[in-house]
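Undergrad: Here it is, the structure, as structure tokens.
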Amino acid sequence: MDAYNLDQPLIELVSNSTKSSWTVRHAVEGCAIFGGIGSGKTSGSGRLLALKYLAAGFGGLVLTVKPDEKDMWHEFCHLTGRTDDLLIIEPGGHHFFNFVTYEATQVSGEDNLTDNVVDVLKTVIRAGQEQSGGQSDDPFWETALDMLIFNVIDLCKLAYGYVTVTHLFNIVQTIPSNSEALHMESAESKGKPFHLAFETARTYVNTQIDAWFASLPPVDQERMQDQAVFELEVIEAIPDARLLKQLDQFFFDNFIPLSDKTRSVIDFTFAGFLFRLLREPVYSLFCRYPSTLTPEDSLSGKIILINLPVKKYQKVGRDVQVLFKYVWQRAMEKRDVRQNGRPVFLWADEAQSFIHEKDAEFQATARSSRVATVYISQNLPNYYASMGGQKSDYRVKAFLGTLGTKLFHANADSETNKYGSELIGEAFFEDQSESVTVSQNFSQTRGRSLKLERVVRPEEFVRLRTGGPKNNLRVEGYMHRQGEGFASGFNHIKMTFDQGYQPK
């Protein structure tokens, strides 16, 4: 069959003896899987979807929380003949991704390296703040952090012609305090990375100014003996001179004079993130060596797995996976599906660990980019905790609304069960009543009426089978999909998944 046909069936479904299909089209509309601990969400529906996607030739990206996920995907790829397509970024491995040099290759037209790198860094930083509950709703902090990141990157580019994480960290760490700024000419200050970068940038710009001035006709040179006229002409004629002036104004007029408390919050937010990138094994995998793979490899059928499980590598493991995920998402959005229509999947078990602020925006267009997102999590409160800030419940519901298919397994969380029940909806059921009166005359009355009730009540999710030997490796769950209904006429169906399923 055509692997790029959106109507290609992936899962055959039977309802009331009538068959229907869950297709590639449904897959690229996104899928959210919910289930409590031991419910079989990963080994049941998760296993089925992963094997179906691999068998259909999808490329993909796999993010990891648990250390055993690498072995699980090795098994999946082996069962589907895709072992050679599995590319693993891990300590001691053979694959690297230098995200700064990659972003430099994406610059074209109106794109700007600074904008690209800033967009990636601040998305990951803010995702981490939401995870820890440390994100402020005050726009001052967001603006101040953005300006610091922009200006540090621009200073690095202007001084050295390229950007590295090491340069960025060293510059941020040595931005002078107020007292140091007054003594910039001291020997100690001149040896610090911030001042070295500024002096290198000044020397580079002055060389451009000298060459430009020497090329002017004598009459213009005479006119520019006035310092004010000269500075104005330089700023207009040489973009790097204008940039240097902006950098000087930001650091020495705006940033350095800030109070110590305000400065420390902004400094440590950025420097703390860069510090984690400079530690091994992350530094070697994402900053030091040339890239051996890129996100675009997924478009040729490769499955990229980042084996830095959050349970082992904690915050730095989460940060670099969110970083790669966001870069990957942007790459998938840029591709032309008319030239390459291969569906790709984005896979995240314990998905709340990898959520960032651009996910809802990405997912809204994922179908046209043919990205089949699969997010697996235990319950709604996991997402609430990860998507902090004001009105997190609305943000979570809006995000989940962009995922066309929901799968609900056994769950003890009442809020998730209520959400699943409300999503499946209500229907009219026949309510029969009977009354008997015994007195001097015997009478009996029967009546029927229609009553609107939940099709699946919240407590029914608690009783779903969870697999394992006692359930003959069978896992139960409810699937709900938007749009067309199943053969039963409803938009939901109760399914049974085999934990031992293997593709034919």
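The values are calculated or read from the model by the stated rules, or taken from the named source; none is laboratory data. Fair warning: this is a prediction, and the values are worked out from it, not measured in the lab. For neighbour counting, all protein chains shown are included, and Cβ atoms are generated from backbone atoms with ideal geometry for every residue, glycine included. The area values use the complete protein model at the heavy-atom level, side chains included, leaving out ligands, DNA and RNA. Shrake-Rupley method; radii C 1.70, N 1.55, O 1.52, S 1.80 Å.
Undergrad: When the solvent-accessible surface of protein heavy atoms is calculated with a 1.4 angstrom probe, in what order do T405, T294, T83 fall, highest first?
TA: The most accessible residue leads, giving T83, T294, T405.
Undergrad: Using a 1.4 angstrom probe on the protein heavy atoms only, could you order K334, K325 from most to least accessible area?
TA: Order by accessible area, largest first: K334, K325.
Undergrad: In the chain, carbon and sulfur make up what percent of the accessible area (probe 1.4 Å)?
TA: Carbon plus sulfur share of accessible area: 50 percent.
Undergrad: How would you classify the stretch 85-127 from its alpha-carbon gyration tensor, with a ≥ b ≥ c the square roots of the eigenvalues: rounded for a/c under 1.5, else prolate if a/b is greater than b/c, otherwise oblate?
TA: Here the stretch 85-127 falls in the oblate category.
Undergrad: Can you tell me the orientation of helix 193-214 relative to the chain, as the angle in degrees between its alpha-carbon axis and the longest Cα principal axis, to the nearest 10?
TA: With rounding to tens, the tilt is 60 degrees.
Undergrad: Calculate the spin-label point distance for D115 paired with A228, positioning each point 7 Å from the Cα along the beta-carbon direction, and give it in nanometres.
TA: Here the answer is 3.5 nm between the modelled labels.
Undergrad: What is the helix-to-structure angle for 69-79, meaning the angle in degrees between its Cα long axis and the longest Cα principal axis of the chain, kept from 0 to 90 and rounded to the nearest 10?
TA: That helix lies at roughly 60 degrees to the long axis.
Undergrad: Ok, one more. Given the pairs K122/K245; K157/K358; K70/K122; K315/K406; K122/K358; K19/K418, which span a C-alpha to C-alpha distance of over 20 angstrom in this model?
TA: K122/K245; K157/K358; K70/K122; K315/K406; K19/K418
Undergrad: Another question about this same structure. Taking 0.36 nm per residue of sequence separation and subtracting the Cα-Cα distance, how much length would be gained by fully extending the chain between D393 and E333, in nm to one decimal? Walk me through the numbers on the way to the answer.
TA: Details: separation 60, 0.36 × 60 = 21.60 nm, distance 2.71 nm.
18.9 nm is the gain from fully extending D393 to E333.
Undergrad: Starting from the residue with the highest accessible area, list R318, R202 in decreasing order, probe 1.4 Å. If you can, show how the numbers build up before the last one.
TA: On the way: R318 10, R202 60 Å².
Sorted by accessible area, descending: R202, R318.
Undergrad: Rounded to the nearest 10 Å², what accessible area does K397 have for a 1.4 Å probe in the complete protein model?
TA: Ignoring ligands and nucleic acids, K397 comes out at about 90 Å².
Undergrad: Considering Cα pairs under 8 angstrom that are at least six residues apart, work out the relative contact order of the stretch 169-315 and quote it in whole percent.
TA: This gives 25 percent for the stretch 169-315.
Undergrad: What's the percent breakdown of Cα-Cα distances in the stretch 259-388 across 5 Å bins, shortest bin first?
TA: Result returned by the calculation: 2, 8, 17, 19, 19, 16, 11, 5, 2, 1, 0.
Undergrad: Please compute the contact order of the chain in relative form: average sequence separation of alpha-carbon pairs under 8 Å and at least six residues apart, divided by the residue count, as a percent.
TA: 28 percent
Undergrad: Shifting gears a bit: With a 1.4 Å probe and every protein chain left in place, tell me how much accessible area H78 has, in Å² to the nearest 10.
TA: Ignoring ligands and nucleic acids, H78 comes out at about 130 Å².
Undergrad: Keeping every protein chain present and rolling a 1.4 Å probe, give me the accessible area per residue for the chain in Å². Numbers along the way, then the final one.
TA: On the way: 23560 Å² over 504 residues.
With all protein chains present, the chain gives 47 Å² per residue.
Undergrad: Which value at 222 nm does the chain reach when only helices count, each DSSP H run of 4 or more adding -39,500 (n - 2.57), with the total divided by all residues and rounded to the nearest 500 deg cm²/dmol?
TA: After summing the helix terms and dividing by residue count, I get -13000 deg cm²/dmol.
Undergrad: First select every other residue whose beta carbon is under 15 angstrom from the beta carbon of K418; then total the charges, Lys and Arg +1, Asp and Glu -1.
TA: That works out to -4.
Undergrad: Between D220 and Y4, how many nm apart are label points set 7 Å from Cα along the C-beta direction?
TA: It is 5.2 nm.
Undergrad: Something else about it: Per 0.36 nm of contour for each residue apart, how much would the distance between Y289 and T203 grow if the chain were fully extended, relative to their Cα-Cα spacing?
TA: Additional length available on full extension: 28.0 nm.
Undergrad: Calculate, in nm to one decimal, what T262 and S21 gain on full extension: separation in residues at 0.36 nm each, minus their alpha carbon distance.
TA: Numbers: separation 241, 0.36 × 241 = 86.76 nm, distance 5.70 nm.
Gain on extension, T262 to S21, equals 81.1 nm.
Undergrad: Between (i) 69, 52, 50; (ii) 121, 59, 43; (iii) 73, 54, 43, which matches Cα extents along the principal axes in Å calculated for the structure shown?
TA: Answer by label: (ii).
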